[in-house]
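The values are calculated or read from the model by the stated rules, or taken from the named source; none is laboratory data. Owing to the predicted nature of the structure, the values given are computational and were not obtained by experimental measurement. FYI the Cβ positions are ideal-geometry reconstructions off the backbone, even for glycines, and counts take in every protein chain you see. Just the protein is used for accessible areas: all its heavy atoms, side chains included, with ligands, DNA and RNA removed. Shrake-Rupley method; radii C 1.70, N 1.55, O 1.52, S 1.80 Å.
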Protein chains: 2
Amino acid sequence: MTDLSSTERTTLRRASERARTDRADLYAVLDAGLVCHMGMVVDGAPVVLPTGYARDGNTLYLHGSTGAATLRTLGAGAAVCVTVTLLDGVVYARSVFDHSMNYRSAVIFGHAQEVTDPVAKQHGLRVLTEHLAPGSWDHARQPTKKELAKTALLAVDLTEASVKVRSGGPKDEPEDVEAAAAWAGVLPIQQVWGQPVPSDDLRGEFDVPPHVLKRAGEPA
Amino acid sequence: MTDLSSTERTTLRRASERARTDRADLYAVLDAGLVCHMGMVVDGAPVVLPTGYARDGNTLYLHGSTGAATLRTLGAGAAVCVTVTLLDGVVYARSVFDHSMNYRSAVIFGHAQEVTDPVAKQHGLRVLTEHLAPGSWDHARQPTKKELAKTALLAVDLTEASVKVRSGGPKDEPEDVEAAAAWAGVLPIQQVWGQPVPSDDLRGEFDVPPHVLKRAGEPA
């Protein structure tokens, strides 16, 4: 597994001790998140939209309606920036200035390619479904031709990316530590799954299936 | 309170039932989040970075090091897009195609203005601190002149924005509901605070202060 490429825009100049250059760190952030923020340039101005995604090897998949102008823009080869951020805590320092957040984030630069080959598209949509809802591809009804035609699948190579991780306690000035005039520490934050809520219009006697129960018992 | 302005890029064309046009809905999303994704155009390409933010009335504040190139670009008047997303659940439908997510999101378009007036800057930094860590402005040491000089504060008017909210169960096709061949429902997800972790280098006998304990007991 090669390290992440170092380009002008993926080289951290500030707080560079937070940089991670192992590809495994990139994969870990992407695999832990569910929502990415997809940035593109529309009429010269930035547009940032939240959307689902999934990773398969060194490919990031995005999808959406073929009717969405943003997806069409990206599918036509426009530059894209995809960012995934996981918030792990608020860092309380002795000084306001040194307050911070603990987080893991990945910023990916690239160009999306629309995936149109039927077998490749089916595969990509399966990867997306299984990332969003593991077990659903086999449990739920798979896409019809009409549904496939309505769905655009985009692939972005994970070639140019940067990963930042901040963890641990505050980094106060020595004189603030000595002064002992304020509390310092971390208030962790995490995402957790709640209990499954069956749909109001569920027909018949349906137990919550194992793949949903399993996830509800896992860390989110 | 005026409704959100309707411009070409803030008018939802798809899933328009998810659109919210009350300014109060925008404020609610912004006040509930801690991290935004800030998009800008650098050398013609999109760049999306996570950062803290806070709202005060109709102003969104961002801040960062005066040494950060991105902050300098924005402070010089470049267009910015700021997006805040709160994930509320994964929606399991009877069909893979109708799987979805429950979420609240706000997308703000504008231009940042650097705030340099000392009184206004102090106010903005206080708003940012109190959003990140309520109670910290009075508890922790306030910024020195040197720290203020190292910090750039940016303000974005909340004029052009769109808000989207998806909630509730899956919207399956009637024939999938009747077929009753798959479970359908929502697996909720939420952010929760953990217990405070005091800093390793805490001097003296410090109890966790009330403002931190209070927050640890609240919904995140």
Within the range A:93-111, work out how many residues are open to solvent by 20 Å² or more (accessible area, probe 1.4 Å) and touching a His at 6+ places or on another chain (Cβ under 7 Å). 0
Mind checking which residues of the range A:100-135 are more than 19 Å from the chain's Cα centre (by Cα) and at the interface with another protein chain (Cβ under 10 Å from one of its Cβ atoms)? A:S100, A:G135
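Name the residues in the range A:133-159 that are open to solvent by 30 Å² or more (accessible area, probe 1.4 Å) and within 23 Å of A:Q113 (Cα to Cα), would you?
A:T144, A:K145, A:K146, A:L148, A:A149, A:K150, A:D157, A:T159
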Go through the range B:153-167 and count every residue that is touching a helix residue (DSSP H, G or I) at 6+ places or on another chain (Cβ under 8 Å) and either assigned to a loop (DSSP other than H, G, I, E, B) or closer than 27 Å to A:G185 by Cβ (or both). 2
Pick from the range A:192-215, criterion open to solvent by 70 Å² or more (accessible area, probe 1.4 Å) and of a type in the set (A, V, I, L, M, F, W, C), ranking: farthest from B:D172 (Cα to Cα): A:L213
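In the range A:50-79, how many are under 18 Å from B:S105 (Cβ atoms), of a type in the set (A, V, I, L, M) and either within 7 Å of chain B (Cβ to nearest Cβ) or open to solvent by less than 30 Å² (accessible area, probe 1.4 Å) (or both)? Steps first, answer last, please.
Here is the first cut: in the range A:50-79, the residues under 18 Å from B:S105 (Cβ atoms) are A:50-53, A:62-65, A:68-71.
Subsequent filtering for residues that are of a type in the set (A, V, I, L, M) retains A:62, A:68-69, A:71.
Within this subset, residues satisfying the condition of being either within 7 Å of chain B (Cβ to nearest Cβ) or open to solvent by less than 30 Å² (accessible area, probe 1.4 Å) (or both) are A:62, A:68, A:71.
Going through the range A:50-79 one residue at a time, the tally reaches 3.
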When you look at A:V90, is it at pLDDT 95 or above and open to solvent by less than 10 Å² (accessible area, probe 1.4 Å), yes or no? yes
Across the range B:1-29, what is the number of residues that are more than 14 Å from chain A (Cβ to nearest Cβ), open to solvent by less than 60 Å² (accessible area, probe 1.4 Å) and assigned to a helix (DSSP H, G or I)? 6
